[in-house]
1. Highest GNM mean-square fluctuation, chain B, Cα pairs closer than 10 Å: which of B:Leu225, B:Leu144, B:Leu159?
2. Roughly how many whole Å is it from the C-alpha centroid of the stretch A:183-250 to that of the stretch A:1-20?
3. Chains A and B: how much accessible area gets covered up at their contact, both sides added, probe 1.4 Å, in Å² to the nearest hundred?
4. Take A:Lys141 and A:Lys186, extend 7 Å from each Cα along the Cα→Cβ direction, and tell me the distance between the two endpoints in nm.
5. What accessible surface, in Å², does a 1.4 Å probe find on A:Phe67, ignoring ligands, DNA and RNA and rounding to the nearest 10?
6. List the residues, sorted by chain then number, that are 5 or more residues from B:Val180 or on another chain and whose placed amide H is less than 5 Å from its amide H.
7. Tell me the net charge near B:Arg88. Cut-off is 15 Å between Cβ atoms, B:Arg88 excluded, with +1 for each Lys or Arg and -1 for each Asp or Glu.
8. Could you let me know the centre-to-centre spacing of the stretch B:62-80 and the stretch A:35-114, using Cα atoms, in angstrom?
Number of protein chains: 2
Amino acid sequence: WARAVRGLLLDVSGVLYDSGGDGGVPIAGSAEAVRRIKASGLKLRFCTNETQATREKFVKKLQGMGFDISVAEVTAPAPAACRILKERSLRPHLLVHNDLVPEFAEIDKANPNCVVIGDAAENFTYANLNEAFRVLIGMEKPVLISLGRGRYYKETDGLKLDVGAYMKALEYACDVQAEVVGKPAKMFFESALAEMGVPPQQAIMIGDDIVNDVGGAQRCGMRALQVRTGKYRPCDENHPDVKPDAYVNNLAEAVDIILQQL
Amino acid sequence: WARAVRGLLLDVSGVLYDSGGDGGVPIAGSAEAVRRIKASGLKLRFCTNETQATREKFVKKLQGMGFDISVAEVTAPAPAACRILKERSLRPHLLVHNDLVPEFAEIDKANPNCVVIGDAAENFTYANLNEAFRVLIGMEKPVLISLGRGRYYKETDGLKLDVGAYMKALEYACDVQAEVVGKPAKMFFESALAEMGVPPQQAIMIGDDIVNDVGGAQRCGMRALQVRTGKYRPCDENHPDVKPDAYVNNLAEAVDIILQQL
């Protein structure tokens with residue numbers, strides 16, 4: 001699986017670091033692994049569903065943990081959603097993390113005609129969910145845009161429900177299907193590949209999420225590895241639908257194997 | 001549709017009264033309609049998915065609004081769930097309204113091996129949802145029991161997400177299917193009919209919820225009316241799957257028509 005590779009897409013949370021209230025903890029060997037990828041001449045792109053912060057803030061946090069990463073190297077859902085909102089003249093009611101709001105600074109939000117939901121974390125209050133619901137149910141044809149469809153993720157203090165769970169709550173209440181921006185949407189992976197300039201057959205996705213990272217990337221024609229860090233659970237290895245091209249203990253091990261094949 | 005009736009099942013919220021933070025407001029003519037049903041000799045039972053209070057407290061509130069109702073006349077999800085928990089030796093983690101907790105007083109809740117979710121309202125916090133999720137995801141085979149599967153309901157200050165939306169969030173996050181206790185579960189209607197001693201062919205359900213009241217009762221062989229009060233919305237009349245035996249403007253009108261046929 002490691003042959004004829006020209007580019008790598010890396011998931012961030014659970015692959016580079018474990019997130020948490022304190023900002024997070026780097027996963028051993030990952031910062032060094034990123035540096036080795038860059039030194040090897042492989043193309044590299046960070047492909048994240050992170051929506052708890054602007055890319056600027058997110059990248060600054062990773063740099064503070066010792067990662068060689070810049071905003072221009074990151075593919076994230078919020079900018080992709082902004083492109084869609086502009087194209088379709090949609091004015092969103094936002095149910096997102098406070099720190100993500102600046103990504104929507106240039107978007108008209110008056111008199112909303114859609115709801116955008118992200119991983120709002122502490123903003124997932126009873127009142128805020130009711131408010132987003134009322135905006136949707138008041139529309140003739142509710143439009144719900146979801147920044148990812150993850151089930152849950154791991155923080156240093158335990159597992160947390162991700163945006164996908166709240167998306168499902170609103171979908172059910174309003175009898176509507178959300179449009180997902182972010183992994184595992186095919187368009188999202190394709191834009192990351194285009195930005196990297198590598199066709200799917202020559203790219204490998206490395207992630208901790210069996211469905212959104214591995215399954216999504218494979219459906220685009222990429223190879224995909226699951227790391228045994230982050231939200232990985234042993235029962236993922238019996239997933240009924242998705243089988244990674246390989247398991248690796250962590251990013252460092254994946255990079256070891258890939259670089260040996262160059 | 002009003003012929004050969006021996007018993008009536010009445011939904012409560014949205015039929016007898018509109019609920020709200022202030023305790024609720026009776027719907028005009030409903031208290032008088034309940035008295036007329038009782039005077040007519042028809043059997044009567046209140047069939048509610050209410051899980052924001054014990055039956056005692058719920059009944060007291062209705063009595064305070066002028067309704068002739070007693071605890072023994074009410075079929076509600078929490079007592080039905082308690083029977084299931086005892087039968088299957090299940091120890092619940094409760095995600096319910098504070099005022100419902102006393103219904104589970106005699107149930108062992110140590111070292112939980114299932115989650116029971118009700119309309120927890122203000123208790124649907126980010127922290128409480130994560131906690132219920134962690135209990136479920138930690139089980140080899142997650143067991144989720146949901147007190148109803150309503151999408152939303154109307155309070156005096158607006159529409160609110162009901163337990164079904166949060167049930168869907170946990171179902172998705174844990175890849176599990178909830179067992180629903182309460183309307184529209186067939187067993188729940190059947191136990192209400194048994195308590196009333198009337199076969200489904202001789203009973204009419206009157207409710208404001210097109211799916212959970214009308215659809216559920218019809219699947220048990222009962223006739224069912226939708227009132228144009230409570231959470232009723234005009235688009236309910238174009239529901240793709242469920243068609244009530246009749247629409248009535250309110251409970252009083254339904255009772256007028258039914259009593260004329262006796």
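The values are calculated or read from the model by the stated rules, or taken from the named source; none is laboratory data. On a predicted model such as this, the values are computed, not experimentally measured, just so you know. As a convention, Cβ positions derive from the backbone with ideal geometry for all residues, glycine included, and neighbour counts pool all protein chains shown. These area figures cover heavy atoms from the full protein model, side chains too; ligands, DNA and RNA do not enter into them. Shrake-Rupley method; radii C 1.70, N 1.55, O 1.52, S 1.80 Å.
1. It is B:Leu159.
2. Their Cα centres are 9 Å away from one another.
3. The summed interface area works out to 2800 Å².
4. Calculated label separation equals 2.2 nm.
5. 10
6. Amide H neighbours of B:Val180: B:Ser146.
7. Net charge in that neighbourhood comes out at +2.
8. Measuring centre to centre over Cα atoms gives 52 Å.
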